[in-house]
1. Quick one: check the C-alpha center-to-center distance for the stretch 28-79 versus the stretch 158-175, whole angstrom.
2. Between Q109 and V239, what FRET efficiency follows from the Cβ-Cβ distance if R0 is 41 Å, with the result rounded to 0.05?
3. In Å and from the alpha-carbon atoms only, list the Rg and Dmax of the chain.
4. Pick from R60, R181, R101: which residue has the top mean-square fluctuation in a GNM of the chain where Cα pairs under 10 Å get a spring?
5. Could you work out how far apart the two model spin labels at K119 and K37 are, taking each label as a point 7 Å from the Cα in the direction of the beta carbon, and quote it in nm?
6. So, in nm, how far is label I96 from label N176 when the simple model puts each one 7 Å beyond its Cα toward the Cβ?
7. Let me spell out the model: positive unit charges on the Cβ of Lys and Arg, negative unit charges on the Cβ of Asp and Glu, origin at the Cα centre of the chain. What dipole size does that give, in debye rounded to 20?
8. Please compute the contact order of the chain in relative form: average sequence separation of alpha-carbon pairs under 8 Å and at least six residues apart, divided by the residue count, as a percent.
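Where a number appears in this text, it was derived from the coordinates with a stated rule and is not lab data. Note that the structure is predicted; figures quoted are calculated from it, not measured. All Cβ positions, even for glycine, are placed from backbone atoms using ideal geometry, and neighbour counts span all protein chains on display.
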Amino acid sequence: MSQTPAYQRILLKLSGEALMGSDSYGINRATIEQMVKEVKDVVEMGVQVAVVIGGGNIFRGVAPAAAGMDRATADYMGMLATVMNALALQDALKHIGVVSRVQSALTMQQVAEPYIRGKAMRYLEEGKVVIFAAGTGNPFFTTDTAAALRGMEIGADIVLKATKVDGVYTDDPKTNPDATRYESITFDEAIAKNLKVMDATALTLCRDQKMPLSVFSIFKQGALKRVVSGANEGTLVHV
Ligand code: UDP
């Protein structure tokens, strides 16, 4: 073990969109290879890693629903997209020698194990990475909410949201050059200001269960390891 970790067990939320890298759709090979290297680094520190993977790089339920598609159907398609990403992630981890298990919130036994909390905990204790696919298994939710929920269920010390943006900003930094990044912010403030950090359901869950949340960019090399070592690379959201 190279460094003493600040956390024993983490729930890492990887956004689907981050998997696209510089592409406009799907999974960018170089990007996923870089991501799994970052995961391997923290596994080697002795940290237990559970991952919730998003699906926005393949399918997001909101836009098709807005265009007239049944929302629940679109959301199930979104959940299926996360299963594809989970399998890609497992494959990429395997390539670099990291053992993982995929557990899906929607039953599809030929493809992935069903979500079983006790089994997931056992895998983590064995040092295996557990990838939670299909979000919460329910339409009208997001994978951010799945991250908060699974994080609590497995008794994670922190939820780490690894995304394209390097933290929580006062406004969208892409459209407002004056937007500044918060070093830390309370859940209440993030909810009241409707900041783009996680949806309100996920934030409320974290707040009520006093689950800290760290938001940082997955594209900064070594960021995950630094966060797991106790650094604040982006924004810390707390009670
Ligand atoms: N989704 C859902 N229930 C869940 C998780 C996800 O219905 O519990 C659907 C929803 O349509 C969402 C899509 O799956 O838009 C992809 O997930 P998300 O947008 O959270 O992925 P990310 O933003 O991380 O790419």
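1. About 16 Å separates the Cα centre of the stretch 28-79 from the one of the stretch 158-175.
2. Working from the Cβ atoms, E equals 0.55.
3. Gyration radius and largest Cα-Cα distance of the chain: 16.6, 52 Å.
4. R181
5. Spacing of the two 7 Å Cα→Cβ label points: 3.3 nm.
6. Computed distance between label sites I96 and N176 equals 3.6 nm.
7. Taking the Cα centre of the chain as origin, the dipole is about 420 debye.
8. Relative contact order for the chain comes out at 23 percent.
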